[in-house]
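Working notes, structure below.
The values are calculated or read from the model by the stated rules, or taken from the named source; none is laboratory data. Worth saying up front: this structure is predicted, and the values here are computed from it rather than measured. Here the Cβ is made from the backbone with ideal geometry for all residues, glycine too, and neighbour counts use every protein chain on show. We work out accessible area using only protein heavy atoms, side chains counted, and drop any ligands, DNA or RNA first. Shrake-Rupley method; radii C 1.70, N 1.55, O 1.52, S 1.80 Å.
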Amino acid sequence: MSIAVSALALAVVLGTALTLAGRRALLLTRLVRLGKPVQRFDDVPIRARNEAVVVLGQKKLLQRLGPGLIHAFIFWGFLVLFPTIVMAMLAAVDDGATIPWLGHQGWFAFLVDLFCVLVLVGVVSAFWIRKVQKPERFRGSHLGEADLILGLIAMIVLTLLLWHASLIATGENEWPAKASPVSNAIAKHFGSGDWADARERILVWSHLLIVLGFLVYLPRSKHLHIATAAFNVWFGRTRSRGRLEPLDFTVPDEEMRFGSNTIADMTWKEMVDTMSCTECGRCQDVCPAYATGKELSPKLLIMGLRDQLFAEGSDLLADPGAFEGSPLVPNAVSDEVVWDCVTCGACVHECPVAIEHIDHIVDLRRHLVMVEGRFPSEGETMLRDVERSQNPWGKPQSARGDWADGLDVRVLQPGEPAPDVLYWVGCAASFDERARVTAQSTAKLLQAAGVDFAILGPRESCTGDPARRMGNEYTYQAYAEQNVATLNEAGVTKVVASCPHCFNTIANEYPDFGGRYEVVHHTELIAELLEDGRLRPAAGTEEITYHDSCYLARHNDVLAAPREIVSRIGKPLEMARSGKRGFCCGAGGAHMWLEERGNQINQERAREAVETGASTLAVACPFCTVMLDDGVRQNGDELRVADVATLLAEALPEAAPSVQHEAAEG
């Protein structure tokens with residue numbers, strides 16, 4: 001075949017492939033551009049680092065070393081082998097042509113052989129996992145499509161090896177044959193007869209056609225993430241993982257958004273999220289709702305939204321103004337799925353392509369709550385109490401500071417100078433009998449260390465976190481603005497919070513409303529006081545296992561401080577799931593006030609704590625205190641549940657008697 005004919009043939013197949021792939025890519029791009037706005041164009045250095053670490057370095061995938069290496073072999077292989085596609089195109093047109101310089105390098109030929117083998121190892125290993133091991137995380141994934149894609153990947157590298165071997169067999173290789181040991185070994189089994197040249201032509205064209213066929217299939221398959229994942233990681237959240245994007249209620253009515261009802265309500269980032277899902281099931285594997293038999297699977301949630309986005313996307317593009325669309329709930333996902341989520345963030349932490357599952361869940365809740373008024377009936381009581389009484393317990397504001405009776409805690413009055421540290425007590429520690437022991441212990445520790453602190457007392461209101469995670473963004477923003485005004489008027493610069501939910505809200509979400517303070521969790525401040533020698537507890541030998549609050553560890557990276565406290569007063573024992581990969585207590589996402597279907601998350605976590613053999617379960621969150629204490633009791637186990645502040649206060653000789661008495665009463 002002459003060069004002209006070969007060039008024409010390549011132009012036809014390449015043009016056809018690029019046209020088919022390009023049309024699909026253009027449709028998806030237009031669809032994403034119709035997504036609702038969200039600000040993700042700042043923090044360029046952080047985004048660049050994420051691309052290097054998460055995408056190129058495969059950091060999140062390598063959290064599970066075996067499967068991570070399998071994917072890394074395939075991913076890195078395609079990066080290294082990409083120039084060979086250009087080489088094959090040149091050779092298909094003009095036999096013997098290649099990329100100048102690179103095509104003659106022995107080291108590159110060696111890398112090609114090496115990564116062809118590694119890709120094949122990855123493909124075979126992936127098949128083994130799917131067909132022999134059959135892990136639960138693949139339940140619901142499109143395994144047949146995955147098999148086809150793995151087969152295409154294997155054919156791409158096999159035809160590449162065979163083509164290189166045919167070049168060596170006919171002496172047409174532009175690189176030293178010994179530099180590519182695998183291709184060279186295969187070449188020894190190839191003859192050099194009359195059909196050798198034809199074999200080389202067949203192999204190079206076969207390789208190209210498979211590559212271009214893969215290109216056409218890619219944007220229509222689950223492997224679309226090859227094209228979108230890097231973009232999704234780039235536009236991933238760079239601020240705290242615990243922060244939710246606020247709704248803007250100041251825009252004109254026609255531009256106002258109340259969460260997600262149809263695909264037209266999704267943000268462009270949420271759309272790219274759905275296109276980036278690899279169906280790997282890592283999120284499903286760590287989801288506490290799924291682990292306890294709930295309907296929610298973070299993976300199936302995203303897949304359901306993607307399916308509806310693709311099914312109705314053409315209609316939306318045809319006439320965005322007239323598009324009505326079918327509701328995402330219950331068409332893409334069921335009501336149960338939306339309300340099963342505890343917003344623990346385990347799914348987000350595991351996802352290798354920066355999908356933000358919680359944002360999807362909360363946006364679905366926002367529409368159900370604020371527009372349709374459709375949510376679990378028990379949540380209505382909580383929302384009503386927050387709106388009327390300024391706390392989810394429905395207690396009077398005048399009783400907010402009752403926990404401090406007899407402790408000589410300063411209540412900051414209007415016009416008084418601000419303390420060095422404002423102690424934000426939170427609703428749970430103010431009104432729940434078990435949780436208030438944490439507030440009392442924290443206050444005594446701060447007093448013992450000589451810290452200048454005060455509380456707001458009745459001027460402190462709910463941060464709005466339960467309402468926000470429930471989906472009532474309007475109520476949340478009202479409290480955010482009220483609390484920020486109170487703190488700013490009081491001249492507060494530093495806040496310590498013993499509730500991780502309050503801590504997360506004030507530190508990460510109040511800045512959106514003008515509230516910018518130095519915010520620390522009480523474990524961080526206490527650990528600092530220990531380090532400075534301002535608190536000197538007696539060392540103990542009691543075995544203590546520590547439970548990581550999701551909103552402390554996973555959402556805000558506070559892991560060392562509470563463990564430092566535990567290590568000062570006892571012998572630490574880690575649970576099987578701990579740190580950022582810990583297991584939720586079940587209270588997040590407003591579930592402190594919602595009825596839980598099926599097996600109980602708190603009981604599952606309590607069992608895991610008992611299995612360590614520890615006599616005490618230490619926590620650093622009032623919600624965790626209540627939920628895990630309930631879980632221990634429901635399981636019939638003997639295990640004390642106490643906040644690290646309470647345990648430390650008991651270890652201070654001068655504070656032990658009174659604190660122990662109050663803890664026993666609680």
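In whole angstrom, how long is each semi-axis of the equivalent ellipsoid of the stretch 522-666, when you take the square root of 5 times every eigenvalue of its Cα gyration tensor and sort them from largest down?
Semi-axes, largest first: 25, 17, 14 Å.
For a protection proxy built on the mean count of beta-carbon atoms within 10 angstrom, sort 471-478, 53-60 highest first, please.
Peptide ranking by packing, descending: 471-478, 53-60.
Could you please state how large a percent of the accessible area of the stretch 131-227 is carbon and sulfur, counting protein chains only and using a 1.4 Å probe?
Roughly 64 percent, rounded to a whole number.
Helix-only mean residue ellipticity at 222 nm, the chain, DSSP H runs n ≥ 4 weighted -39,500 (n - 2.57), per residue, nearest 500. What is it?
Helix contribution divided over all residues of the chain: -16000 deg cm²/dmol.
Taking the stretch 180-262, which trypsin sites (Lys or Arg not before Pro) meet the DSSP loop condition and have no more than 14 other C-beta atoms within 10 Å?
Here the trypsin sites (Lys or Arg not before Pro) that fit, given the DSSP loop and packing criteria, are LYS188, ARG239.
What does the charge dipole of the stretch 55-198 about its Cα centre add up to, to the nearest 20 debye, if the Cβ of each Lys and Arg holds +1 and the Cβ of each Asp and Glu holds -1?
1100
Which loop-located GluC sites (Glu not before Pro) does the stretch 283-358 contain, where loop means any DSSP state but H, G, I, E or B and the Cβ has at most 12 other Cβ atoms within 10 Å?
Hits after loop and neighbour filter: GLU324.
Would you pull out the residues with amide H under 5 Å of TYR546's amide H, same chain only if 5 or more places away, H placed 1.01 Å from N?
LEU573, MET575, ALA618
Can you work out the Karplus-derived ³J(HN,Hα) for every residue in the stretch 551-563? Use 6.51 cos²θ - 1.76 cosθ + 1.60 with θ = phi - 60°, whole Hz, and x for glycine or proline.
With the stated coefficients, the stretch 551-563 comes to 6, 9, 7, 6, 7, 9, 6, 9, 10, 6, 4, x, 5 Hz.
Taking only protein heavy atoms and a 1.4 Å probe, what accessible area per residue, in Å², does the chain have with all protein chains in place?
Counting only protein heavy atoms, the per-residue value for the chain is 40 Å².
Is the shape of the chain rounded, prolate or oblate, going by the alpha carbon gyration tensor and its root eigenvalues a ≥ b ≥ c, with a/c under 1.5 for rounded and a/b larger than b/c for prolate?
Values: a/c = 2.65, a/b = 1.95, b/c = 1.36.
Because a/c hits 1.5 or more and a/b exceeds b/c, the chain counts as prolate.
If you fit an axis through the alpha-carbon atoms of helix 522-531 and take the longest principal axis of the Cα set of the chain, what angle between them do you get, 0 to 90°, nearest 10?
Here the helix axis deviates by roughly 80 degrees.
Share of the stretch 490-630's accessible area from carbon and sulfur, percent, 1.4 Å?
Its accessible area is 45 percent carbon and sulfur atoms.
Straight distance only, please: which aspartates and glutamates reach the Cα of LYS395 with their own Cα at less than 14 Å, same-chain residues fewer than 8 apart left out?
ASP385, GLU387, ASP432, GLU433, GLU460
Show the residues, 5+ positions off or on another chain, whose built amide H is closer than 5 Å to the amide H of ASP643.
Hits under the 5 Å cutoff: VAL619.
Net charge within 15 Å of ALA185 by Cβ-Cβ distance, Lys/Arg positive one each and Asp/Glu negative one each, not counting ALA185 itself?
Taking every Cβ under 15 Å from that of ALA185, the sum is +1.
Any idea what angle helix 473-490 forms with the longest principal axis of the chain, computed on alpha-carbon atoms, 0 to 90 degrees, nearest 10?
It works out to around 60 degrees.
How large is ³J(HN,Hα), in whole Hz, for each residue of the stretch 570-578 in order, when computed from phi with the Karplus curve 6.51 cos²θ - 1.76 cosθ + 1.60 and θ = phi - 60°, using x for Gly and Pro?
Residue by residue, the stretch 570-578 yields x, 9, x, 10, 8, 6, 4, 10, 8 Hz.
Give the peptides 505-514, 4-13 in descending order of average Cβ contacts within 10 Å, highest first.
Packing order, densest peptide first, comes out as 505-514, 4-13.
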